[in-house]
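Let me begin by presenting the structure, written as structure tokens, before commenting on it.
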Amino acid sequence: MKLIQIYNTFEGDNIKCGFPTKRSLLDFWKKTTAIHNENYDVTIYTDSVGYEVIKDVLPVNIEVIDFENIDDRYYSIGKLQVYKLQTEPFIMVDPDAVLYDKLESLQEDIYLERFRSGIFGKYLKEYNLKPIDKLPGIPCTGLEGFKDPNKAIEYADQVLNKIKNSFIREVDFDALWHVEEITLANYIEDNGLTYNVFNHYLHLQGGLKK
């Protein structure tokens, strides 16, 4: 089973991925890579600067790609570009997360980190989104899995097109998760896709990395 991670440093401007130091990022990543290597075929997609940071530290397959310059205000935009390169079922895990589950295959169309409650709607009009209707909450996308890579490509194209066609002046955190996560919710509901959540993982969101 393929597990991918994305390390888009924006050519050096985002080396630490939210960690307090590069050392703390690499220390965490070395530990999680050891776990992932036991269960999955791991590939990290990165840019040329990121490659120099991790090439001698993480014992995995590393692919250097040129991330298209679309809109650098969206820090996870590289993930969507990498989704468009996939040709087989895969699981994506953010660099600040670790997946303890061992899945030999994906039985549902899409796997998610979890569903969370919350107020949404601020950017529905801006990104031409619809309210969530059937899902149990807002899908969290720090860990994701796609049984059909073509569905990952379709979803990524939808998000990228919304970003390219928006005229938003300031991209705040609400805009970031609206365009990624509410788009995914709409995509799941519009296509009647099946879904599940991962059981055992750790995601160092926000202040947990400090």
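The values are calculated or read from the model by the stated rules, or taken from the named source; none is laboratory data. Bear in mind the structure is a predicted one, so any value in this text is a computation, not a measurement. Counting neighbours? That spans all protein chains shown, and the Cβs are built from the backbone with ideal geometry, glycine included.
Brief remarks on what is shown
- Selection of first residues in segment 182-210 that are closer than 21 Å to GLN158 by Cβ and of a type in the set (Val, Ile, Thr) and of second residues that are modelled with pLDDT under 95 and assigned to a strand (DSSP E or B), restricted to Cβ pairs under 9 Å at least 6 apart or on distinct chains, gives an empty result.
Yes/no per residue for (1) of a type outside the set (S, T, N, Q); (2) over 30 Å from ILE44 (Cβ atoms):
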site: VAL98; (1), (2): yes, no
site: LEU106; (1), (2): yes, no
site: ARG114; (1), (2): yes, no
site: GLY121; (1), (2): yes, yes
site: ASN128; (1), (2): no, yes
site: PRO136; (1), (2): yes, yes
site: GLY142; (1), (2): yes, no
site: ILE153; (1), (2): yes, no
site: ALA156; (1), (2): yes, no
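- Any hit, segment 105-123, residues being under 27 Å from ASN39 (Cα atoms), small (Gly, Ala, Ser) and not in a helix (DSSP H, G or I): yes
- Residues that are over 19 Å from the mean Cα position of the chain (by Cα) and in a loop (DSSP other than H, G, I, E, B) within segment 7-35 comprise GLY12, PRO20, THR21, listed in sequence order.
- Counting the residues of segment 36-53 that are within 17 Å of the chain's Cα centre (by Cα) and among the aliphatic types (A, V, I, L, M) gives 2.
- Pair list, Cβ under 8 Å, 6 or more apart: segment 60-71 residue over 13 Å from GLU11 (Cβ atoms), other residue surrounded by fewer than 12 Cβ atoms within 10 Å (Cβ to Cβ): ILE70/LYS164; ASP71/LYS164
- Segment 36-62: number of residues that are outside any loop (DSSP other than H, G, I, E, B), in contact with a strand residue (DSSP E or B) (Cβ under 6 Å, 6 or more places away or on another chain) and over 21 Å from LYS22 (Cβ atoms): 3
- Of the residues making up segment 102-134, those that are in contact (Cβ under 8 Å) with a residue 60 or more places away in the chain and over 21 Å from MET1 (Cβ atoms) number 2.
- Subset of segment 1-32 (residues that are of a type outside the set (A, V, I, L, M, F, W, C) and buried (at least 19 other Cβ atoms within 10 Å of the Cβ)): GLN5, TYR7, ASN8, THR9, THR32
- Which numbered condition ILE153 misses (of (1) crowded, with 19+ Cβ neighbours inside 10 Å; (2) farther than 30 Å from ALA34 by Cβ; (3) at pLDDT 95 or above): (1)
- Condition check for ASP71: farther than 15 Å from ASN199 by Cα, part of a loop (DSSP other than H, G, I, E, B), modelled with pLDDT under 95 and not small (Gly, Ala, Ser): yes
- Within segment 50-101, considering residues that are out of contact with any helix residue (DSSP H, G or I) (no Cβ under 9 Å at 6 or more places or on another chain) and surrounded by 21 or more Cβ atoms within 10 Å (Cβ to Cβ), the one nearest to ASP27 (Cα to Cα): GLY50
- Filtering segment 126-146 to residues that are more than 25 Å from LYS84 (Cβ to Cβ) and either at pLDDT below 90 or acidic (Asp, Glu) (or both) leaves only ASP133.
- Residue in segment 94-108 that is farther than 12 Å from TYR201 by Cβ, of a type in the set (A, V, I, L, M, F, W, C) and in contact with a Leu (Cβ under 9 Å, 6 or more places away or on another chain) present: no
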